[in-house]
Each structure stands twice: as structure tokens, then as C-alpha cells.
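Novice: My structure is below; once you've seen it, I'll send some questions.
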Amino acid sequence: MKKLLLHTCCGPCLLSAQLALREKYHIIPFWYNPNIHPYREFKRRLNAFKEVVGENESIIDNTYDLKLYFNAVEWGDNRCEGCYRLRLSRSADIAREAGIDLFTTTLLISPYQDISLICDTGREEGIRAGVGFLCQDMREHYEEGHQMARDMGLYMQGYCGCVFSEEERYRKKK
Ligand code: SF4
């Protein structure tokens, strides 16, 4: 069974992605999300990741660096491209350093993300680093994994991650 480094954005999406990938791959979840703000939110999501992983193998880079994120993204509607690249670039490098065959991301489980942009970016970063990127649409497992997360009482976030997405999510609710 091939090893797969699974860049993971949060615990609920990890549960969903595991449903999609576990039959075919030896999954190694990888945490790297400098895009999640503010720090208490970052810690909540990291703790949920650890809760799902438990004693199983995983890799954590718990960098919380606002400047790193803001320097990586364009201001405006294109910010997600830089955000994807920041995380997928690091994932590709970690996969290569750890001798893991392939990498992918739980972002591909989400109905709220741009799947073709994620795959284009992942492939480019895979070529740069010399590691294969797995582009698999896993959205059919989104609901089942998230229901599992609710049943576990896992922390469920309300917005994508960055301060921009937090505003977009909650400004309308006033
Ligand atoms: S909305 Fe989500 S994917 Fe886009 S920049 Fe913010 S955290 Fe990154």
C-alpha cells in the first residue's frame, strides 16, 4: 500500500477524507495551516486534529505566523490561490523529505473550495518537489465524515480560516 501524506485543514475534514482514502492508501495526516486566525481558533482546530489522529502516525508543523500568511496571499478575491500554495508547497517538501510516495489535501473534500485550482497548484508543487500529487474529488464523503465529527462532539469551525473568511461568514449575520 502506498504512503500518502494528507495535508489536513481540520479534524472533521480529516474524518471525511479518511473515508475516501483509507482503502487504498497508508494515510499520514499532516498539519500545517498558518492561514487559520486568530490563535485561539488555530489551537482549537489543531486540538481537534490531534483528537482524530489519536496515537496514530502523523506529522505536525504548528507554525502560527501571520506575516507568512499575509505575504503569501494577494489582497482581494485571489487570496485563496496563495493560501493553497503556501500549504501545498510545504506539504510537498515534507513528503519528499519523509520519503512518502504521494501527497494530497483534505481541502479536496470541501464543497466550499476551488477543487480545480487546488489540483493545479498541488500538481505544480509536486513537480517542483519531485513528489506525486493525488487529485481526487472526495466531496461525496463530506457529509458522512462531518456527521461522525458531530457525533464525537468534535470542534466544528464556522469559517474557512483566515480573518477575511471570518468577516465574510459573520458580517451578514449582524
Ligand atoms: S478563505 Fe480559506 S482558502 Fe481562502 S485564503 Fe482564507 S483560509 Fe485560505
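The values are calculated or read from the model by the stated rules, or taken from the named source; none is laboratory data. Just so we're clear, the structure is a prediction, and the values are computed from it rather than from any experiment. Glycine gets a Cβ as well: all are built from the backbone with ideal geometry, and neighbour counts include every protein chain shown. Quick note on the areas: whole protein, heavy atoms, side chains included, nothing else; ligands and nucleic acids left out. Shrake-Rupley method; radii C 1.70, N 1.55, O 1.52, S 1.80 Å.
Novice: Kindly give Rg over Rh for segment 92-174, based on alpha-carbon atoms, with the Kirkwood expression for the hydrodynamic radius.
Specialist: In segment 92-174, Rg relative to Rh is 1.06.
Novice: Compare R123, R22, R87 in a GNM of the chain, Cα atoms joined below 10 Å, and give the one with the largest fluctuation.
Specialist: In this elastic network of the chain, the residue with the biggest mean-square fluctuation among R123, R22, R87 is R22.
Novice: Only helical DSSP H runs with n ≥ 4 go in: add -39500 (n - 2.57) per run for the chain, normalise by residue count and round the 222 nm mean residue ellipticity to 500 deg cm²/dmol.
Specialist: Mean residue ellipticity, 222 nm, calculated: -16000 deg cm²/dmol.
Novice: Separate question: Rolling a 1.4 angstrom probe over the protein heavy atoms, how many square angstrom per residue are accessible across segment 2-171?
Specialist: Values: 8360 Å² over 170 residues.
For segment 2-171, the solvent-accessible area averages 49 Å² per residue.
Novice: Which order do peptides 26-33, 57-64, 74-81 fall in by mean Cβ count within 10 Å, highest first?
Specialist: 26-33, 57-64, 74-81
Novice: Considering only protein heavy atoms and a 1.4 Å probe, what is the carbon-and-sulfur percentage of the accessible area of segment 2-171? Provide the component values of the computation, followed by the final result.
Specialist: Numbers: 3870 of 8360 Å².
Roughly 46 percent, rounded to a whole number.
Novice: Going from the alpha-carbon gyration tensor of the chain, what semi-axes, largest first and in whole Å, does one get by taking the root of 5 times each eigenvalue? Before the final figure, lay out each step's value.
Specialist: Values: eigenvalues 103, 80, 45 Å².
Whole-Å semi-axes of the equivalent ellipsoid: 23, 20, 15.
Novice: How large is the charge dipole for the chain, taken about the Cα centre, if only the Cβ atoms of Lys, Arg (+1) and Asp, Glu (-1) carry charge, to the nearest 20 debye? Working shown, then result.
Specialist: Details: 24 positive and 25 negative charges, 90 e Å.
Dipole magnitude for the chain comes out near 440 debye.
Novice: Okay, next question. In the structure displayed, which of K2/K50; K43/K67; K50/K172; K2/K43; K43/K172 lie more than 28 Å apart, Cα to Cα? List each step's numbers first, then the result.
Specialist: Working: K2/K50 23 Å; K43/K67 18 Å; K50/K172 32 Å; K2/K43 31 Å; K43/K172 26 Å.
With Cα atoms farther than 28 Å apart: K50/K172; K2/K43.
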